[in-house]
Structure formats: structure tokens, C-alpha cells
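Colleague: First the structure, then my questions, so here it is.
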Amino acid sequence: MKTDSLFQPFALKSLNIKNRLVMAPMTRSFSPDGVPTPEVAAYYRKRAEGEVGLILSEGTVINRVSSSNDKDIPHFYGEQALAGWQNVINNVHEAGGAMGPQIWHMGVMPNHQSGWTPAEPFEGPSGLNSPGFSNGRTMTESDIADTIAAFGQAAADAKRLGFDCVEIHGAHGYLIDQFFWEGSNLRTDIYGGKTLPERSRFALEVIKEVRKRVGDDFAVILRLSQWKPTAYTNKMAHTPQELEAWLNPMADAGVDIFHCSQRRFWEDEFEGTDLNFAGWAKKVTGKATITVGSVGLTGEFLAAFAGESSDPSSLDELLRRMDRGDFDLVAVGRPLLSDPFWVQKIREGRTDDLKGFTKEALAALVM
Ligand SMILES: Cc1cc2nc3c(=O)[nH]c(=O)nc-3n(C[C@H](O)[C@H](O)[C@H](O)COP(=O)(O)O)c2cc1C
């Protein structure tokens, strides 16, 4: 297996990384009351020592009272939490890595199994998480303005603390995606509309604010998915033309890299074509893209939450697409939960040492 294309350096604005492998953002809930601990810093440092090119943090929530449904998910605001993140990025840099926080607002959510709820109701475009599932309130225009400002503040803080880039979480049925999706955005004001470009107004305003706060030279990544946790086969864009109409305004607003979330990277995005989501996003925008989804594993990630294990699998199909130039970067999730040295093992061709993924890795910060 010739993995050279995965081990070329990559540079874009503030981002300067030694290879094309990215740690996918993965929620861990190991930050009591939202404050990342020294163990969290050691966990990320270990992935930098293991030669991950770019680490994307677990989703870390912005400064809105109801931006999270879990008290142990890290905050990206407040003195203590930001001091925790300062320690994280210092550790990652000392170990020769690069990192960006994934900034996040969950929108309307089911209550967490712990029974903890935020001090105010969840908020979203229409109080809906998905069609027929309401568990919060509809945001006013002033809520929207404050939320956009909070995304901007988080991005500015990421830059101030010395992170290498920032990723905006616009995927997987959370707040920004709740605006995109007709199933959860029933608004009749300027933040709603019949078409996807109309429902993208909130995302566009977030991106513009983030860009304004970080300046032109700081790399901004946007994570998107066509699927939702409640609708795996959902397509936001059904054709390449619709994809172009969705993504290009966001590219113009300031996105440098589209992080295209799929559960299985090898699934072609549109029928009859041999390009995946990241492949199409690159083709229609000309921007850099990140692919993700079951790289190096036999099973996909949502099954992992149901306790399913996954064995190592070949990277041949990934390399075929990478060598063809379909995308620029490759994000890897579960293999890096189980094994901080996954990237190093791939570089050294030590495939017999690869561990796969078992559910025990969800329960601890494996060092
Ligand atoms: C434990 C866990 C937590 C996750 N948390 C997030 C998250 O906070 N933000 C996000 O965008 N995706 C999240 N994901 C999705 C991953 O980033 C990734 O897209 C997914 O696991 C597929 O990659 P993989 O097949 O290599 O694991 C999570 C996945 C796992 C397994």
C-alpha cells in the first residue's frame, strides 16, 4: 500500500500541517461543567505525538445558555474553560501538532440521559429538532443576532489562544443544520424560505461574522452533512447544481475548507458519478475539502454508539480517490479514539499493529 499522498504537507493561510490526516471532531464529555481538564489536554497531546496532522477538537459550545444538552461537554467561553483550552493548544503545539476547535451550538435537542438540562429551554429556528419533535423555543431575531455574535467571539478566542484554525459545526442536525433543513426550519422571515440557499442565511451570517473576527489569514473550516441523525438518507442538495447553489455563497462568505461528513467515504454523492461528497464539494467550489467516514474501518460510526466494534480495513479505495485529487484532507474518527498512534502506524506500514475500534474506547480517554 503506497500511502505517500497522505503524507504530503498541506498549507493554507494559518494552517501548516505535516500530513493530510485530520482527527475528526469527537465529543467526549470529559470536561466537568464545561472545563477541559489536564487529562483532556494529555489526550489531545498524545494524538499530536502520534503524528496526526491536524486535530479538530470535540464539539465545544459557544456562549449561549442553552447551546449544550450535556454539562460535561466543553465550553469555548468563560475564563476557566478558555484556560483549559489554552493548556490543550500549548500541549498540542509542544508535541509538534496543529489544532482547531470545533465551535458548536446544538440547537433543539432531546434531554440528556443524565437528566441535566440547561437553565433556559433549547432554542432553534422553529423550536424543532426534526419534523414532529419539538423540545424548545423558536429563536427571535435578537436571539439570532446574539448567537451569531457568540460564534464570532468563539472564533476570535480560538485565534487569540493560538489555535491554527477554527471549524464551524454546521452538520448532523444541530443548530446551523436545523436552519438549513426544511424539516426543522419553518420560519417565514428572512431566516426561512422554500429553498436551501434561502435557509442558508443564518449560516452565511455566522460565517461572515467569524471571518470578520478572525481576519483574512486565519483558516476557517465548515463541517456539513447531507444526512441527519433522524434521516440517514436525507439529501440537502439532490444534484451537483443544487450543491453549487448551497456551497458557493458560503465559500464567498469566507469558508476556506469544506469538511464533508459522510458515514462511509466511498459512497458516491450523486447517482451515476464516482465522486463522494468531498469530491463534489471541491469540484463545485474549487475550495479545499476534507473527506471522512469509516476510513480504515469495516463498520460505520453510528453503529459504534450501539456498541458495535469495527475491524481495520484496507485504505486502497481511499488512496485511489486521494491520488486522483478528489479531496485534500482525510479525517479519521474512531481509529484515533482507540489508538493515538494510528497515523504513525499507517506511515510506517505497520498494518498488523492496527487496533480497529471497540466500544471501550468510548468510555475512556485512551492515552
Ligand atoms: C464518540 C464520537 C463523538 C462524535 N462527536 C462529534 C462531534 O462532536 N462533532 C462532529 O462533527 N462529529 C462528531 N462525531 C462524528 C465524527 O467526527 C466522524 O464524522 C465519524 O465518527 C465518522 O468517522 P469514523 O468513521 O472515522 O469514526 C463523533 C463520532 C464519535 C464516534
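Colleague: Anything in the stretch 48-77 that is surrounded by fewer than 24 Cβ atoms within 10 Å (Cβ to Cβ) and either basic (K, R) or within 11 Å of W104 (Cα to Cα) (or both)? List them, or say none.
Modeller: E58, N63, R64, K71, I73, H75
Colleague: Restricting to the stretch 78-111, give me the number of residues that are of a type in the set (V, I, T) and either farther than 23 Å from R223 by Cβ or surrounded by fewer than 21 Cβ atoms within 10 Å (Cβ to Cβ) (or both).
Modeller: Here the count works out to 0.
Colleague: If you don't mind, another one. Quick one: V52 ticks every box in (1) under 21 Å from E360 (Cβ atoms); (2) modelled with pLDDT under 95 bar one, so which box is it?
Modeller: (2)
Colleague: Filtering the stretch 342-367 down to residues that are more than 16 Å from the ligand (Cβ to nearest atom) and under 23 Å from the mean Cα position of the chain (by Cα), which residue is modelled with the lowest pLDDT?
Modeller: Going through the stretch 342-367, the residues more than 16 Å from the ligand (Cβ to nearest atom) turn out to be 344, 347-353, 367.
Within this subset, residues satisfying the condition of being under 23 Å from the mean Cα position of the chain (by Cα) are 344, 367.
Values: Q344: 98, M367: 95.
Only one residue fits best here, namely M367.
Colleague: Moving to a separate point now. Out of the residues in the stretch 51-72 that are among the acidic types (D, E) and touching a Pro at 6+ places or on another chain (Cβ under 7 Å), which is nearest to D339 (Cα to Cα)? Full working, then the answer.
Modeller: At the first step, the residues of the stretch 51-72 found to be among the acidic types (D, E) are 51, 58, 70, 72.
Right, trim to touching a Pro at 6+ places or on another chain (Cβ under 7 Å) and you get 58, 72.
On the way: E58: 16, D72: 23 Å.
So, considering only residues that are among the acidic types (D, E) and touching a Pro at 6+ places or on another chain (Cβ under 7 Å), the one nearest to D339 (Cα to Cα) is E58.
Colleague: In addition: Go through (1) closer than 16 Å to G325 by Cα; (2) within 16 Å of the ligand (Cβ to nearest atom); (3) crowded, with 23+ Cβ neighbours inside 10 Å; (4) not hydroxyl-bearing (S, T, Y) and name the single condition I221 misses.
Modeller: (1)
Colleague: Give the number of residues within the stretch 266-303 that are surrounded by 15 or more Cβ atoms within 10 Å (Cβ to Cβ), modelled with pLDDT under 95 and not in a loop (DSSP other than H, G, I, E, B).
Modeller: Of the residues in that region, 2 qualify.
Colleague: Can you find even one residue in the stretch 280-294 that is under 22 Å from C165 (Cβ atoms), within 12 Å of the ligand (Cβ to nearest atom) and in contact (Cβ under 8 Å) with a residue 60 or more places away in the chain?
Modeller: yes
Colleague: Next up: Need the failing condition index for W227 against (1) within 16 Å of the ligand (Cβ to nearest atom); (2) over 25 Å from L21 (Cα atoms), just the number.
Modeller: The failed condition is (2).
Colleague: Have a look at R20, R45 and point out the one that is among the basic types (K, R) and either within 16 Å of the ligand (Cβ to nearest atom) or touching a Leu at 6+ places or on another chain (Cβ under 9 Å) (or both). Write out each step before concluding.
Modeller: On the way: R45 fails: either within 16 Å of the ligand (Cβ to nearest atom) or touching a Leu at 6+ places or on another chain (Cβ under 9 Å) (or both).
When all the criteria are applied, what remains is R20.
Colleague: Exactly one of (1) away from the ligand (no atom under 11 Å from the Cβ); (2) out of contact with any strand residue (DSSP E or B) (no Cβ under 7 Å at 6 or more places or on another chain); (3) closer than 26 Å to T27 by Cβ is unmet by R264. Its number?
Modeller: All conditions are met except number (1).
Colleague: Restricting attention to the stretch 23-42, and to residues there that are of a type in the set (G, A, S) and out of contact with any Gly (no Cβ under 9 Å at 6 or more places or on another chain), which single residue is nearest to the ligand (Cβ to nearest atom)?
Modeller: Restricting attention to the stretch 23-42, the residues satisfying the condition of being of a type in the set (G, A, S) are 24, 29, 31, 34, 41-42.
With out of contact with any Gly (no Cβ under 9 Å at 6 or more places or on another chain) added as a condition, the list becomes 29, 42.
Details: S29: 9, A42: 18 Å.
Within the stretch 23-42, the match that is nearest to the ligand (Cβ to nearest atom) is S29.
The values are calculated or read from the model by the stated rules, or taken from the named source; none is laboratory data. What you see is a predicted model, and the numbers here were worked out from it, not measured in a lab. Ideal geometry is used to build each Cβ from the backbone, glycine not excepted, and the neighbour counts take in all protein chains shown.
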